[in-house]
Structures are given as C-alpha cells and as structure tokens.
Amino acid sequence: MSSAQSSPVERHATEAYDVIVVGAGFAGMYMLHRLRGLGFSARVFEQGGGVGGTWYWNRYPGARCDVESMQYSYSFSEELQQEWDWSERYAPQPEILKYANHVADRFDLRRDIQFNTRVERAVFDERSNSWSVTTSDGKTVEAKFVVLATGCLSNARKPDINGLENFKGPVYHTGNWPHEPVDFTGLRVGLIGTGSSGIQSAPIIAEQAKHLTVFQRTANFSIPARNGALTDEERNTFRKNYPEIRRFAREVARNGIYAVQPDGGALDDDADARRAKYEARWERGGLTFMYVYNNLGLDRTANDTAADFVRGRIAEIVRDPEIAKLLQPNSHPIGTKRICIDTDYFATFNRPNVSLVDIKSNPIEEITANAVRVAGTDHDIDALVLATGFDAMTGSVAKIDIRGRRGQTLNQKWAEGPKTYLGLMSAGFPNLFIITGPGSPSVLSNMIVSIEQHVDWIADCLIHMRKHSLATMEAGRAAEDKWVAHVNEVAHGTLYPQANSWYMGANIPGKPRIFMPYIGGVGVYRQICNDVAAKGYEGFVIERAEQPRRLVTG
Ligand code: NA7
C-alpha cells in the first residue's frame with residue numbers, strides 16, 4: 001500500500017490510489033499531509049479552483065471566523081504556528097484563505113490535488129474491496145479508501161422563494177460569493193437572512209449601499225466581536241503558551257476553544273452579580289460570552305437570564321423601540337442556534353439608509369423584477385444578497401452518489417437522518433471515512449481542533465490496517481445504533497433541540513429533524529475515540545485481506 005503502481009486495485013482502472021480524499025479545505029489538506037508522511041498514495045479532488053474550502057467560497061463582505069485566529073489554526077506543525085502572523089483577533093476571510101494557501105505551498109500539497117473537479121460518484125466493489133470514484137471530468141479512479149473531507153457548511157442553499165428567478169438585478173449568495181469585488185455603491189440592496197453571514201455582512205453593505213433592506217425571519221442573538229489588531233505581545237503570549245493552550249482546547253474545553261471555564265450556575269448568583277459578569281463578558285466580546293455560567297445550555301431559567309441581558313443590550317443600542325423589539329430574539333434559548341459575533345450589527349439599524357422588514361409575521365409573497373413584496377408592499381431593490389445558509393453537515397455528502405455494500409446508497413441509508421458510528425464511518429460503507437461528520441462534535445467546536453483529531457485518528461487506523469493486512473473496516477450496526485442513540489440522548493439533555501436550527505436540519509424543508517452534532521464535548525469525544533482504537537477498534541467490523549474471515553471486535 002505504498003504506491004499507486006503496487007496497489008492491488010490497479011487492474012481495473014487507469015489510476016489507482018490508496019486513498020481518495022474529497023475536498024481540499026482544512027480537513028482535506030491535513031489529511032493529505034498525513035497520508036503522504038505515512039507513505040500512502042493519495043489524490044485529493046476539490047470542486048473549487050483553490051484550497052481553503054469554506055474560506056474559498058465564503059468571500060462575502062465582512063466574512064470572518066468567529067473563533068479567534070490564534071486558535072483557529074493548525075497545531076500539527078510547531079514551525080507553522082510559531083511563524084505565521086495573524087493580524088487581527090478574528091481573522092478576516094482573505095487572511096484565512098492566504099493561510100490555507102501558505103499551508104498548501106509550505107507542505108507542497110498542490111501536486112496531489114486536482115482542482116475544479118467534483119466527485120460525482122463513489123461505488124464500493126465488494127469483490128475487490130475498493131472504491132471506484134467518478135469525477136466531473138469523466139474519469140474513474142480507484143482507491144482502497146475514501147475520505148470525505150467535504151465540510152459541514154459547504155452546500156450553499158438558495159431558498160425556495162416565489163419569483164426569485166424573475167428578479168432582474170444581480171443575486172448573490174454569501175456562501176458562493178463572486179471572486180471579483182462586488183460594488184454596492186449607489187444601489188438599493190436587499191438582504192435575506194440574519195444568521196452569522198447576514199449579521200457580518202449587513203454593516204459593511206450598509207456603509208456602501210444607497211439603501212439596505214434587511215428581511216428578517218428569525219431574530220438572532222449576537223455578541224460584539226471586539227475585533228482589533230493583535231499586538232506582538234499578544235501573539236507571543238499565545239506562541240509561548242501554545243503547548244498548554246492546545247492541550248486545554250483538545251482535552252478540557254468542551255468546544256475546543258481555550259478560555260476561562262465557568263465554575264458555577266447562573267442561578268447561584270444574585271441579579272447584581274450576574275449582571276456584572278454578563279457585562280464583563282459582553283465587554284470582552286466573542287463566543288466565550290456563553291461561558292459565564294456552566295448551565296446556560298442546560299437550564300431554561302438560567303438561559304433566560306443571559307438571553308434577557310442580551311435583549312436588554314439590543315434595546316440600549318437600537319434607537320427605534322419598534323425596530324429594537326423586532327431585533328430581540330424570542331424564539332429560541334440563547335446559544336441553541338449558533339451564536340453570532342458581530343461588529344456594529346445592531347447599531348447598523350440606527351443608520352438612515354437601513355430598514356428592517358419582519359418576514360416572520362408576513363412572509364415574502366414574491367420577488368418581482370425589481371422588488372421584494374411583503375404584505376402587499378414592494379420594497380424596491382437593485383441587488384439581492386441571500387445569506388440563507390447551507391444544507392449543513394450532510395448536504396455536501398448527499399450530493400455525491402455514494403454506493404456501499406449491495407448497492408445501497410448513503411442517501412437511502414440516511415433518509416431518516418444521518419447514522420454513523422462516532423461520526424467517522426457508516427455501517428455498510430466500508431473503508432469510507434468522514435471528517436467532522438454528523439455524530440461528531442464538528443460544528444459545535446473549533447473546527448480545526450476537531451479536524452486534526454479526526455485526521456490523526458483515521459491516519460492511525462490506516463496504519464493499523466496496513467500493519468495487520470486488513471482489507472476492510474466499517475462501522476458495526478450495533479455500535480452504530482448505540483452511538484446514534486447516545487448522540488440523541490446527550491442532545492436531548494440540553495436546550496439545543498428547542499431551536500429550529502441547522503444543527504437540527506430544521507432550515508431545510510423535508511430534512512429529518514435530528515440533532516446532528518455530538519454535544520458531549522471534544523475532550524470526552526476524543527477519549528471515546530482513543531478508547532475504541534485502543535480496544536482494537538471496538539465496534540467496527542474488520543475483514544482480513546486474504547482470508548474473508550470477519551473479525552467482529554465489539
Ligand atoms: P444560517 O445561520 O443558517 O442563517 C441563515 C439565515 O437565513 C437565517 O436567518 C434564516 O432564517 C434565513 N433564511 C433561510 N431561508 C430563508 C427563507 N426561505 N426566507 C427567509 N429567510 C431565510 O447561515 P449563515 O450562512 O448565516 O451561517 C452559517 C454558519 O456559518 C454560522 O452558524 C456560523 O457557524 C458560520 P431562520 O433562522 O431559518 O428563520
């Protein structure tokens with residue numbers, strides 16, 4: 001298993017590899033780096049024209065990571081983390097993309113990545129125990145293993161709004177933004193969607209446009225980013241303490257982000273003490289607002305105290321009380337939809353050239369050639385921005401026709417919701433790994449922490465298989481059922497399922513309502529994965545190469 005030439009699957013195809021990786025975002029790039037280092041032959045197919053995944057596509061104005069840059073970065077290379085200079089507390093998209101390109105160059109990754117190529121189909125052949133992978137350029141290649149590094153927020157979703165196709169002006173989706181600069185100067189712009197992308201882009205578009213009309217279905221909680229330039233001192237403090245910061249993020253912090261952890265519940269403090277703590281976190285800014293107390297995600301009364309505080313802040317910032325009221329989220333507990341991090345989002349509604357239209361009480365009737373019609377009123381616009389999100393977690397996987405044992409498709413198997421063991425594999429689909437898939441902490445965590453953990457686990461697993469001449473490995477059904485039940489049980493012990501979020505698949509009409517990510521925390525999850533591996537991959541079904549004897553290890 002060390003070169004394409006010596007691969008046993010070579011006989012059917014023009015090209016054969018040990019591993020095909022789908023996607024060249026942060027997951028696919030690190031996977032490739034590890035595979036190469038271990039002597040596996042690998043090919044990465046990437047639908048975009050460059051590396052970076054999410055950060056390649058999401059080029060909308062104001063796009064930034066909501067995890068601080070010193071932590072949203074690879075830890076696998078000490079030189080890389082010591083040498084790369086992040087400029088701001090929250091890196092803007094162009095800088096993250098520059099970093100992705102730097103990593104690709106530094107580790108010479110491009111020569112094994114084929115860009116502008118979609119993987120259309122992957123079919124498992126039970127006789128040869130290999131995958132045939134068909135790409136958009138009409139080629140079929142073979143590989144013993146396939147790794148889906150397709151990303152969780154990569155399948156941008158155009159909403160099904162009446163008349164959208166009749167609009168005469170340009171329509172942009174934040175998740176698939178043009179590579180050329182978009183200039184809104186002098187234009188009346190409509191923005192649909194007030195998730196993270198809408199909240200980040202609205203203030204920037206408002207500065208440029210003649211008028212911005214925001215169409216809001218669900219008001220969202222957002223905390224000020226307090227972004228700013230990083231000083232040398234701040235960077236150096238991180239660099240000096242990286243070993244401990246990275247360890248803490250991997251093992252202790254539930255979401256893979258190093259921060260002071262809460263040691264008490266919200267109802268343990270009186271109202272004044274609570275307010276003081278919320279104020280301090282609000283002033284500090286960022287995602288860690290939710291770490292004030294340890295029960296905000298568990299107890300509705302506790303959660304209400306944080307939600308009330310944020311609603312109070314919105315009322316203080318927004319001058320028009322009617323607009324402030326509309327912007328105050330009331331439909332879900334704070335944090336149960338991904339909390340947003342903004343720069344001047346609420347203050348944007350104090351500008352004379354910005355208006356807010358409530359499309360919850362009056363949904364959009366239709367989009368005409370030059371307007372969005374709501375409750376019989378036409379809101380005239382010249383350009384439309386859709387910040388309407390993604391078919392998250394499963395959307396990009398579902399676009400590939402994946403066929404496992406007995407021709408079953410992954411879409412058939414996941415029709416009632418995604419089923420995986422540890423988020424890593426799905427029963428009936430041997431030698432097919434998923435990075436940060438449903439059933440793993442994934443989008444509830446600092447993605448790079450989770451990506452590195454998955455890639456390292458998969459790499460260890462491939463070494464194990466090579467060492468013991470194992471032909472296939474797949475999730476055992478019993479272990480998978482148990483894991484799916486566990487993921488659900490843990491989620492339902494929290495407030496998260498109370499929100500109609502993309503975590504629940506609720507933003508896609510007809511998608512099963514299942515809480516997809518594992519909410520037990522990255523440290524707990526890592527330990528479970530390590531224990532499973534230490535017990536000979538307990539719960540997975542492993543088949544030897546020459547003797548078709550099944551070793552059920554759990
Ligand atoms: P999100 O968070 O899924 O937000 C999408 C927004 O678009 C949200 O406000 C939706 O309202 C709204 N939406 C979606 N479809 C429609 C239709 N048909 N009509 C009106 N409004 C609609 O996507 P983002 O890109 O902002 O962020 C995704 C993640 O990226 C984010 O969580 C961070 O982790 C980074 P709804 O709430 O469904 O009522």
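The values are calculated or read from the model by the stated rules, or taken from the named source; none is laboratory data. Here the structure is a predicted model, which means the values were calculated and not measured. Glycine gets a Cβ as well: all are built from the backbone with ideal geometry, and neighbour counts include every protein chain shown.
Values computed for the structure shown
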item: Single unsatisfied condition, residue 298 versus (1) outside any helix (DSSP H, G or I); (2) surrounded by 17 or more Cβ atoms within 10 Å (Cβ to Cβ); (3) touching a residue at least 40 places away in the same chain (Cβ under 8 Å); (4) not aromatic (Phe, Trp, Tyr); result: (2)
item: Qualifying residue in region 210-221 (condition: over 29 Å from residue 314 (Cβ atoms), of a type in the set (Phe, Trp, Tyr) and under 25 Å from the mean Cα position of the chain (by Cα)); result: no
item: Single match in 420, 409 (criterion: more than 15 Å from the ligand (Cβ to nearest atom), among the hydroxyl-bearing types (Ser, Thr, Tyr), assigned by TED's automatic domain parsing to the domain that holds residue 495 and without any contact (Cβ under 8 Å) to a residue 12 or more places away in the chain); result: 409
item: Where a residue in region 515-532 is under 17 Å from residue 253 (Cβ atoms) and its partner, wherever it lies, is part of a helix (DSSP H, G or I) and of a type in the set (Asp, Glu), with Cβ under 9 Å and at least six apart; result: 522/251; 523/251; 526/251; 527/251
item: Within region 333-386, tally of residues that are of a type in the set (Lys, Arg), away from the ligand (no atom under 12 Å from the Cβ) and out of contact with any Asp or Glu (no Cβ under 8 Å at 6 or more places or on another chain); result: 1
item: Residues located in region 496-510, provided they are within 20 Å of residue 411 (Cβ to Cβ) and more than 12 Å from the ligand (Cβ to nearest atom); result: 510
item: In region 316-340, the residues that are farther than 16 Å from residue 218 by Cα and either among the charged types (D, E, K, R) or within 22 Å of the chain's Cα centre (by Cα) (or both); result: 316, 319, 320
item: Sole exception among (1) within 14 Å of the chain's Cα centre (by Cα); (2) within 22 Å of residue 36 (Cβ to Cβ) for residue 439, by number; result: (2)
item: In region 60-91, the residues that are buried (at least 18 other Cβ atoms within 10 Å of the Cβ) and either aliphatic (A, V, I, L, M) or free of Cβ contacts under 8 Å to residues at least 40 places away in the same chain (or both); result: 63, 65, 67, 70, 84, 91
item: Region 159-212, subset near the ligand (Cβ under 9 Å from one of its atoms) and part of a loop (DSSP other than H, G, I, E, B), residue surrounded by the fewest Cβ atoms within 10 Å (Cβ to Cβ); result: 160
item: Which listed residue is without any contact (Cβ under 8 Å) to a residue 24 or more places away in the chain, closer than 30 Å to residue 298 by Cβ and in a loop (DSSP other than H, G, I, E, B), from 506, 485; result: 506
